[in-house]
Structures are given as C-alpha cells and as structure tokens.
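**Student:** Okay, handing you the structure first.
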Amino acid sequence: MSHTLGEIAEAIGAELHGEPGHAITGVAALSSARSDQLTFLGNSRWTRHLSATRAGAVILRHNDLGGCPVNALVAGDPYVAYIKAARLLHPEPVAAPGIDARAVVSPRARISATASVGPCAVIGEGAVLEDGVVIGAGCVVGDNARIGRHTRLVANVTICHGVVLGERVLIHPGAVIGADGFGLAREHDRWLKIPQLGGVIVHDDVEIGANTAVDRGALEDTVIEEGVKIDNLVQIGHNTHIGAHTAIAGCAVIAGSVTIGRRCMIGGAAALAGHIEIADDVVITGQSGVPNSIREAGVYSGGIAAVDNRTWLRNMVRFRQLDDMARRIRALEERTPAVGKRKKRASRSGRRTDRRK
Amino acid sequence: MSHTLGEIAEAIGAELHGEPGHAITGVAALSSARSDQLTFLGNSRWTRHLSATRAGAVILRHNDLGGCPVNALVAGDPYVAYIKAARLLHPEPVAAPGIDARAVVSPRARISATASVGPCAVIGEGAVLEDGVVIGAGCVVGDNARIGRHTRLVANVTICHGVVLGERVLIHPGAVIGADGFGLAREHDRWLKIPQLGGVIVHDDVEIGANTAVDRGALEDTVIEEGVKIDNLVQIGHNTHIGAHTAIAGCAVIAGSVTIGRRCMIGGAAALAGHIEIADDVVITGQSGVPNSIREAGVYSGGIAAVDNRTWLRNMVRFRQLDDMARRIRALEERTPAVGKRKKRASRSGRRTDRRK
Amino acid sequence: MSHTLGEIAEAIGAELHGEPGHAITGVAALSSARSDQLTFLGNSRWTRHLSATRAGAVILRHNDLGGCPVNALVAGDPYVAYIKAARLLHPEPVAAPGIDARAVVSPRARISATASVGPCAVIGEGAVLEDGVVIGAGCVVGDNARIGRHTRLVANVTICHGVVLGERVLIHPGAVIGADGFGLAREHDRWLKIPQLGGVIVHDDVEIGANTAVDRGALEDTVIEEGVKIDNLVQIGHNTHIGAHTAIAGCAVIAGSVTIGRRCMIGGAAALAGHIEIADDVVITGQSGVPNSIREAGVYSGGIAAVDNRTWLRNMVRFRQLDDMARRIRALEERTPAVGKRKKRASRSGRRTDRRK
C-alpha cells in the first residue's frame, strides 16, 4: 500500500510544500520515520526534533514550516490530519467474503454473500448478517441477533440472542453483548432471578473494547447510541442508555438503569450508581464514584489520590475524626470573641458552610 | 407460550379480580403492556399511570385495586409475584439434548444422554456432565471437571480442570472458573510461581456473570456456596469462601483467602483486601475499599463521592493538610480559655476523639 | 508422580532429618497432610499444630526441628523450599505434541513439531509457534503473531495479529493481548479513531491472568518486560511499558503511555492515569488512584477505607466543608492571641502547611 504525497495532501485537505510524486508507505513517530514514512508535529514541544527528522514528509502547522528539512504538509490540526493519513495508509484489513468451512452457521440464519464468517464462529438460528459484516474466529452470534453492514467482531466475541448491532460497529475480542442483567429480588433470604427479557440495541459507529460486558435489559432494551466509544473491561448494566458520541474509558462500571447524555467522557475505573442521570457534555475523571445524578455539564471528580503511605495513614486517621474536628472548630468560634472585620469573615464562612449542607 | 389469568393466579399465589380465561403471552411495563400482556404496580409512585394502562392484567396490592381499569391480580408483594409470572411466561430456552457434531468431546468424558453440548464446545478427559446440563457454543470444560444437573454455561465459558459445579448453576459468556490463583513468592528479585493445586467448588443455584473470574485455590479449594449471585467482571481470588445467598455486583474485586458470610451484599467496584473476614448480613456499598475484617452485620461505606472538579481539587489540597489542621485545632484549644458549659462540651469532644484513635 | 524424601531434599537444597527412601506423592496443608504428602511450617504462629501433623515430612526452620514428630526437611526459607517441592511433585501438565484434528491452522503458519494445538484453536497466516508451545482449546492466534518456546495459552485466549510472546509465558483463559488501544481524537463532536499500528511485545517468563487485556501500541509497541506477573481482569493501555519483575494484582487499570519501573507491586483495583512514570521498586496499595508520576521508591496509598455507613456519611459531609474548615481555623488563629511557647508551635504548624501546598 503506497500513496504519493500529492494524493495524501488531497485526501487529508493539507497544503503540500514539496515533491508531489514522493511515495509514502506508512506513518511513524517523528524521531524514527524513514524517507518512505509520514510523520507529524502536533505540539510545539517537539519542534526541536524537527530539524533532525528523516521522514518522507511531516504534517505540521504553518508556523513550523520554516524549520522543516523535508517535505511538509501544512494543516490546521496536524493531529487530525495525521490520523486521516494513517487511516488512508493503513486501512482496516479486508476479510475475504464467505463462510469458512469450519464455521457453524444455522441453516435458518440469513448471511449476506459479502459477509465473512471465520473458523469456529457459530451463528445461531434466525441471525442476520448484513453486507460486509466480518465475524472473526471463535465468535458466537446468538439466535435472532442482527448485525448491521460492515460491522466487525474481531475474535471470540459473544453476541447473545436477539441483540441488534448497527453499521460499522467494531467489537474487540472477549466482549459480551447481551448477557442477562443482574436482576434479583429477595424472597425469604434467597434471591429470585428476574427474567431479563429486554435486548441490547447498539447504534452505528460504536466501538466496544476487549472483555467489556453490555447487559441486556430487564423489560426494555439497553441502548448504546451512535458513535459511542467504550474501552476494555467496562461494565454496562441493564436498561442503561448511553447518549451519542460519549466515550467511556477502561474498567469503568455503569450500573443498571443509568441514563448518560451525549458527548460525555467517563474516566477509567469510574463507577456510576444505578438509576441516575448524567447530563450532556459531562466529564467524569478517572476512578470517581458517582452516587447521584449530575444535572449540569462540567467536570466532576471524586476519590483521594495516592500519596506516600505514611502521610496517607496519618490523614486517614484524621478523616475519621473530621466530624469531631468540625464540632471543635465551632466550639472554639463560640468561645472566641471576634471583633470588627474578623467577625464578618467568620460569619460569612459560617454561612458558606450552611449553604453546602 | 400462553397462559390464562386463572393459571397464572394459581401459579403465583395471587387473587384474581377479573376474567380467568383471559390469555396472557408475556410481561411488559405498565405504560407499554398490551391486552395479551401482564404488568405490575410495585410502587405507589406509579399509581397515577394505572388508570391509563391497556395491559391484560396488573399485579398490584389490595390498596390499588380500586384504581385498576383492567383485570387485576392482588398479591402481598407484587414485584415478587410479577417475577414468578415472568418466569412462568418466559421460561429459559430448552436446549435439545445431544452432542453437536461440531463439538469436541473426549471419549473419556461421561455425558448424560439428556445433556446438550453445543458447536465448538470442547469437553476434556474425565469430565462429567450430569442430566440436563447445557454447554453452549465455544465453551471449554477442562479435564475431570464435574457439571451438576441442569447447570448451563451460556457460551464461550471456560471451566478449568477439576472444577466442580453444582446443580442449576448459570454461567454467562466469557466467565473463567478455576484459572490459577495469583500465588507468587519472591526469591532474589524474581517471582517464584506457587503451584495452584486446589480447585473451585460452586454449589447449587449460583449465577456467575459475564467475564467474571473465579480462581482455583492454592492448596485448599475456592468455595462459592449455594444461591450466591455474582455479576459481570468480578474477580474472586484463590481460597476465598463466599457464604450462601450473598450477592456481588459488577467489577467488585475480592482478593485471595477472604471469607465472606451469608446474605451479604457487595456493591459494584468494591475491593476487599486479602485474608479478611466479613460477617453474615454485611452490606458494602459500591466502590468501598475494605482493608480489614468486618465483624458485625451492618452497612459499610468508603470512598469520596464525586463533586464538581474545582471543589474537589480544593478539598483534596485540604485533605493533605488534615493532620496539620487537627494539630492547629488542638493548639487553639490549649490557648483558648474555656468557661462553664462550653468547657464541658469541648472536653467531651476531646474524649470522643481519643476513643476513635 | 512420586519422589523420595532424599530426591526432594537434594532438589530443593534442604537438609533431611529422617528416612531418605520415604515416598512422597504430593503437598498438602499442615493439618491435613497424609503420610505420603509433604507440608511446611512457614510461620511460627503454626508451631502448635506441628506436634499433631501426620504428614510424611515437614519443611521447617532449624529452630522448629525439635518439635517435629515426623520426617523433617530443614531449609532457610521453608516457604520457598515448599514451593520448589510443590513444583517438583506437581509439574505442569505436558500436552501431547501435534495439531488436533479439530484445530484450524493456516497453511502459511509455521508450527514446531513439538508444539501442541488444541481443538477449536485457530492459528492465523504467518503465525509462528516455537518448540514446546501449548495452545489450548478455543484460543485464537492472529496473523503473524510469534509465540516463543514453551509458552502456554490455557484456553479461549486471543492473541491479536503481530503480537510477540517470549519464552515460558503463561496466559490464562479469556485474556486478550493486542486489541486496539483506546485512541480517539475529537473532530466536530465526533470521535475519529486513531489507527493502532503498534504491537505488543511480551518478554520471557511473564504470566497474564484470566480476562486481562493488554492493548497494542498506537505507533510504537506496548512492552511487558521479563518476569512480570499480571493477575486477572487487569487493563494495560496502549504504549505502556512495564519493567521486569513487576507484579500487578487483579482489576488494576493502567492507562495508556504509562512507564512502570522494575520490581514494582501494583495493588488490586489500583488505577494509574495515562502518561505518567513510576520509578523502580514502587509499591502502590490496593485501589489507590495515581494521577501523577511517582519518582521515588516507596509505598504509596490513596482512597478512603470503608467504615460504618453513618460515620462515613457524617465525615463525607465534613469532607465537602474541608476548605471552609481550614479557613475558619486560620481565622481563629488570627484572632486568638498566642503567647510564649504556644505561639511558636502555632507558627511552625503554619509553615508546615505552607510547605505542603
């Protein structure tokens, strides 16, 4: 796979300063790119490395053009332009259409002639694979599941019965879509399993990471809207609804019946309690616990970051005394005569505390 | 699958007010149920929706009977009655007995004639599948594992060698039961692997979620007692013992050699340190870290819930000054003459602090 | 498999006090070992159980020799000596060389004659399996992956295209090595996927737990150095580099582009933010969040351990008032006349606070 700089400039909408016929076969880092490779300068922190590059061409901002010793592609956002070039030069592998002889496909499944089904994949009764679908080795697609055009299950993915995937969805190995939600009711000290009768609807252009689990709904469906990106080892509980273009980083856990807005960013290992709502454009930083709804866009954080163990132990002891410390401050304030300006500050402080209660 | 209201009333122990011959084919939510569907009113918050329902029947409390425009089934606990009806109307799919031609079964495995083994499942030497066992597509059952009656592995489940599963156990896709525990000893700056020679014993009526891992014991067994329910992506370390009817929510991590009592509830993403004991009837809320044993029933919590990032940053700085703040309060108390009633309060407060140290 | 005490003593470098010809078939706990089993006394807490043991022999320290009623093997570190004996007596199962008839191996893969490929395993084009490699049932090895000598994939493991595994690597079921990293850039409110063109390099003697995910690099490789031990359900982000002999416990999440030193210990459910560096010999305790680099060896901790829910709720309210409490202490200090020694203490305290800011 090779493209000329002229082709690349046109494809990514950049302005070429150099040899249009120069052939590029791939992308690499600024410091290691060879003369048949393309690189980029995204951040002026790296400008000092520019003069030493041996890349075939560098994508950069107009400001950095002067210092570039090789061909240059000028772009408003060099990183986005680089990504587009990388996608052009390294396209997703195309699987040969057809059903591998060692796949196991129900005679009552409906498989497009342009779909690809790998060895040891199992496709259930009534399942539908649309045009260009790629089912990798070892995947299991349950009865009556529907897989939209050009969706790809990489390998060892499990799609449970009746799950619906949109178009251009990409699901990484070990992910499980549509297992039963964790629905239990207590009766006489035992757990009664609540049948999980809903499904999972995954819209177009969603990506789901390795070993992530998305549960089916109890009665209604679990819904992942278009363009949502989910990292590895994430748990999505039943009946949860995730708004379009939200991104969820690794090991986050979203409990059941949560509604997340559009364009949110949920950090790694964050934990959202059940039955809450998160507004559009909310950013939750890594490992934050979210017990209640968040109604306004913004950045939210929780937890206590690590420090050296001795300091932490000392402050942990104090944390357990916090309520007592607050009472002692109040007692001191009551018995300390305040005068003039100081008095005002103290009472303002008191009001602020009350307001936060 | 269709049942009359008369049949349903009898099966779930409810009192029918309406047409015994009315046919019901499934369950649905109060707002969307059709005339051939059953719904329930579990919570008086939803009573205002009752008058508009078009369901075939509503399971409800006696108090709500007056406002019900359709057939009603009166039950003491409408939710539990609903679950029983749902299980009656939506039974687990029954797999056809027999070994799929594309399964790989050791000639030295012992498979009941009523067991079902799906395509691309692999059953090892000496493994035993009892009556009514269902092994889904892509599951691997290791040598000498024993699977009890009517236990079901949904798909792509791995049961390692020698693991013993009881009856009516349900294991969701991607779960791994009996991988080696994380047993290491240090010798000259390298890790020496401790052979993991124990097994895993899973008792009857246990449910294990998607991509959950339960490790085998080092010398003795890891034990999951009857009726335990484990959600997705949970880690259970080696030699851990989980008491009957305990429920563990998604992404919780239970380290090795932990003993958990009966009827506990462990919240999502909670983390229990190794070698601790948790009493019966303990509730640990989501994302709590538990470094020490908990000897008494009750609700336990940890962590710092998320707030807006600016407030959090400010309080995080203060958290690191907590020990200093406590010393400054003490210093203020020493130099502030306390009088009368206030003095008593301050000293009581001091005692409380000491007691908590 | 049986060894005499004489053979065992020589193999583990212990001093035998007893019958050299006594046959041992396995290891067991001190309290349950039979006369053909070996046990150990690692900790003097258990010395009181020594007199009642019915083991064939006990590995112990010289000090405990007097109280031993059976054969004894004296060792400087009884636990390490026990582990070596256990490995001798319970060797890893040896898989028969050869490709199972139900495996699916690309004609363009290169498989050593001494490698073993189990049923329903799938080996891609250009993949290389060196001598003694064991690929368990249901594993998928992607195109052009290289698996070093005596490396074992237990079952249902996914190795993505181009991943390189060293020698004697052990990977437990459900692990996924080399899925795409979570690389996204935002363009007009949508996510643009950054092609993940790097690989994963896993060096010799690494162990990777069940359902763990190690992502491939974006441009460069993700690297796991020799002797690293990773527990279950761990997430390792793209471009991360983990130094030799580091151990990472269950459910830890290491974001992308993290550099971890040698001989570190990362506790269960710990979360490391992206683009940070951790020095050699750092210990991070369980569930700690690490947002910034750690430059010095030592023990680091974060989080708030669980207490009873009422105390926690009270202290959580106070935590949100911390900044206010700190201001009120400062106000009290300003309006409280300090005298003599007390004044000095207060001002020292103030300096300490400032230093910590």
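The values are calculated or read from the model by the stated rules, or taken from the named source; none is laboratory data. Computed from a predicted model, the values in this text were never measured in an experiment. Every residue, glycine as well, gets a Cβ built from its backbone with ideal geometry; the counts of neighbours run over all protein chains shown.
**Student:** Would you mind stating whether C:Leu322 is more than 7 Å from chain A (Cβ to nearest Cβ), surrounded by fewer than 17 Cβ atoms within 10 Å (Cβ to Cβ), without any contact (Cβ under 8 Å) to a residue 12 or more places away in the chain and closer than 29 Å to B:Val299 by Cα?
**Tutor:** Here the answer is no, as C:Leu322 does not meet what is asked.
**Student:** Still on this model: Among the residues of region C:108-147, which ones are surrounded by fewer than 19 Cβ atoms within 10 Å (Cβ to Cβ) and within 12 Å of chain A (Cβ to nearest Cβ)?
**Tutor:** C:Glu125, C:Asp143, C:Asn144
**Student:** Tell me, please, whether a residue that is in contact with a helix residue (DSSP H, G or I) (Cβ under 9 Å, 6 or more places away or on another chain) and not in a strand (DSSP E or B) can be found in region C:97-114.
**Tutor:** No, the conditions are met nowhere in region C:97-114.
**Student:** So C:Val163 clears everything in (1) more than 12 Å from chain A (Cβ to nearest Cβ); (2) buried (at least 24 other Cβ atoms within 10 Å of the Cβ) except one condition, right? Which one?
**Tutor:** Unmet for C:Val163, out of (1) more than 12 Å from chain A (Cβ to nearest Cβ); (2) buried (at least 24 other Cβ atoms within 10 Å of the Cβ): (1).
**Student:** Check A:His161, A:His150 and return the single one that is assigned to a loop (DSSP other than H, G, I, E, B) and within 22 Å of the chain's Cα centre (by Cα).
**Tutor:** A:His150
**Student:** Residues of region A:65-79 being of a type outside the set (D, E, K, R), surrounded by fewer than 21 Cβ atoms within 10 Å (Cβ to Cβ) and either within 13 Å of chain C (Cβ to nearest Cβ) or part of a loop (DSSP other than H, G, I, E, B) (or both), which ones?
**Tutor:** Once the filter is applied, which keeps residues that are of a type outside the set (D, E, K, R), surrounded by fewer than 21 Cβ atoms within 10 Å (Cβ to Cβ) and either within 13 Å of chain C (Cβ to nearest Cβ) or part of a loop (DSSP other than H, G, I, E, B) (or both), region A:65-79 yields A:Pro69, A:Val70, A:Gly76, A:Tyr79.
**Student:** Right, something else. Given the criteria at pLDDT 95 or above and out of contact with any strand residue (DSSP E or B) (no Cβ under 8 Å at 6 or more places or on another chain), does B:Arg108 qualify?
**Tutor:** Considered against the rule, which asks whether it is at pLDDT 95 or above and out of contact with any strand residue (DSSP E or B) (no Cβ under 8 Å at 6 or more places or on another chain), B:Arg108 comes out as yes.
**Student:** Report yes if C:Ile59 is within 30 Å of B:Val140 (Cα to Cα), within 14 Å of another protein chain (Cβ to nearest Cβ) and either part of a helix (DSSP H, G or I) or in contact with a helix residue (DSSP H, G or I) (Cβ under 8 Å, 6 or more places away or on another chain) (or both), otherwise no. If you could, list the steps in order and put the result at the bottom.
**Tutor:** Numbers: within 30 Å of B:Val140 (Cα to Cα): no; within 14 Å of another protein chain (Cβ to nearest Cβ): yes; either part of a helix (DSSP H, G or I) or in contact with a helix residue (DSSP H, G or I) (Cβ under 8 Å, 6 or more places away or on another chain) (or both): yes.
No: the conditions fail for C:Ile59.
**Student:** I need a count of the residues in region C:186-245 that are of a type in the set (D, E, K, R) and within 20 Å of B:Asp180 (Cβ to Cβ).
**Tutor:** The qualifying residues number 6.
**Student:** Within region A:243-257, can one find any residue that is more than 16 Å from A:Ala175 (Cα to Cα) and among the β-branched types (Val, Ile, Thr)? Before you say what the answer is, go through the steps one by one.
**Tutor:** Kept after step one, since they are more than 16 Å from A:Ala175 (Cα to Cα), are these residues of region A:243-257: A:243-247, A:255-257.
Then drop every residue that is not among the β-branched types (Val, Ile, Thr), which leaves A:246.
Yes, that holds for at least one residue.
**Student:** Additional query: Any chance region B:190-197 includes a residue that's assigned by TED's automatic domain parsing to the domain that holds B:Ala271, within 19 Å of the chain's Cα centre (by Cα) and not β-branched (Val, Ile, Thr)?
**Tutor:** No, the conditions are met nowhere in region B:190-197.
**Student:** Something else: Can you pull out the residues in region B:286-302 that are among the hydrophobic types (A, V, I, L, M, F, W, C) and at the interface with another protein chain (Cβ under 7 Å from one of its Cβ atoms)?
**Tutor:** B:Val290, B:Val299
**Student:** Within region A:8-39, which residues are under 15 Å from A:Ala81 (Cα atoms) and without any contact (Cβ under 8 Å) to a residue 12 or more places away in the chain?
**Tutor:** If the condition is that a residue be under 15 Å from A:Ala81 (Cα atoms) and without any contact (Cβ under 8 Å) to a residue 12 or more places away in the chain, then A:Glu10, A:Ala29 are the ones that fit.
**Student:** Would you call C:Gly42 in contact (Cβ under 8 Å) with a residue 12 or more places away in the chain and more than 24 Å from B:Gly183 (Cα to Cα)? Steps first, answer last, please.
**Tutor:** Values: in contact (Cβ under 8 Å) with a residue 12 or more places away in the chain: yes; more than 24 Å from B:Gly183 (Cα to Cα): no.
No; evaluated as a whole, the condition is false for this residue.
**Student:** Within the group A:Arg186, A:Arg168, which residue is within 17 Å of A:Asp204 (Cα to Cα) and basic (Lys, Arg)? Quick ask: steps written out before the conclusion?
**Tutor:** Numbers: A:Arg186 fails: within 17 Å of A:Asp204 (Cα to Cα).
Unique residue meeting the criteria: A:Arg168.
**Student:** Looking at (1) at pLDDT 95 or above; (2) not assigned by TED's automatic domain parsing to the domain that holds B:Ala244, which is the only condition B:Gly274 fails?
**Tutor:** Status for B:Gly274: all satisfied but (2).
For (1) more than 29 Å from the chain's Cα centre (by Cα); (2) buried (at least 19 other Cβ atoms within 10 Å of the Cβ), each residue gets a yes or a no:
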residue: A:Glu15; (1), (2): yes, no
residue: A:Ser35; (1), (2): yes, no
residue: A:Ser44; (1), (2): no, no
residue: A:Leu60; (1), (2): no, yes
residue: A:Ala81; (1), (2): no, yes
residue: A:Ser106; (1), (2): yes, no
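**Student:** Let me ask something else. Only one of A:Ala244, A:Ala252 is surrounded by fewer than 24 Cβ atoms within 10 Å (Cβ to Cβ) and among the aliphatic types (A, V, I, L, M). Can you tell me which?
**Tutor:** Exactly one residue qualifies, and that residue is A:Ala244.
**Student:** Hey, any hits in region C:302-318 for a residue that's without any contact (Cβ under 8 Å) to a residue 60 or more places away in the chain, assigned to a loop (DSSP other than H, G, I, E, B) and among the β-branched types (Val, Ile, Thr)?
**Tutor:** yes
**Student:** Tally the residues that are under 22 Å from A:Arg34 (Cα atoms) and crowded, with 24+ Cβ neighbours inside 10 Å, restricting the search to region C:219-238.
**Tutor:** Step one: list which residues in region C:219-238 are under 22 Å from A:Arg34 (Cα atoms), which gives C:219-222.
Applying the additional criterion that residues be crowded, with 24+ Cβ neighbours inside 10 Å yields C:222.
Going through region C:219-238 one residue at a time, the tally reaches 1.
**Student:** Can you confirm whether region B:210-218 contains a residue that is out of contact with any strand residue (DSSP E or B) (no Cβ under 7 Å at 6 or more places or on another chain), surrounded by fewer than 21 Cβ atoms within 10 Å (Cβ to Cβ) and in the same structural domain as B:Ala252 (by TED's automatic domain parsing)?
**Tutor:** Checked region B:210-218: no residue is out of contact with any strand residue (DSSP E or B) (no Cβ under 7 Å at 6 or more places or on another chain), surrounded by fewer than 21 Cβ atoms within 10 Å (Cβ to Cβ) and in the same structural domain as B:Ala252 (by TED's automatic domain parsing).
**Student:** Of these, A:Glu225, A:Glu187, which one is modelled with pLDDT under 95, farther than 19 Å from B:Gly250 by Cβ and of a type in the set (Asp, Glu)?
**Tutor:** Just one listed residue meets the conditions, A:Glu187.
**Student:** Further question on the same structure: Tell me, yes or no, whether region A:26-44 has at least one residue that is in a loop (DSSP other than H, G, I, E, B), in contact with a helix residue (DSSP H, G or I) (Cβ under 9 Å, 6 or more places away or on another chain) and acidic (Asp, Glu).
**Tutor:** No, every residue in region A:26-44 fails to be in a loop (DSSP other than H, G, I, E, B), in contact with a helix residue (DSSP H, G or I) (Cβ under 9 Å, 6 or more places away or on another chain) and acidic (Asp, Glu).
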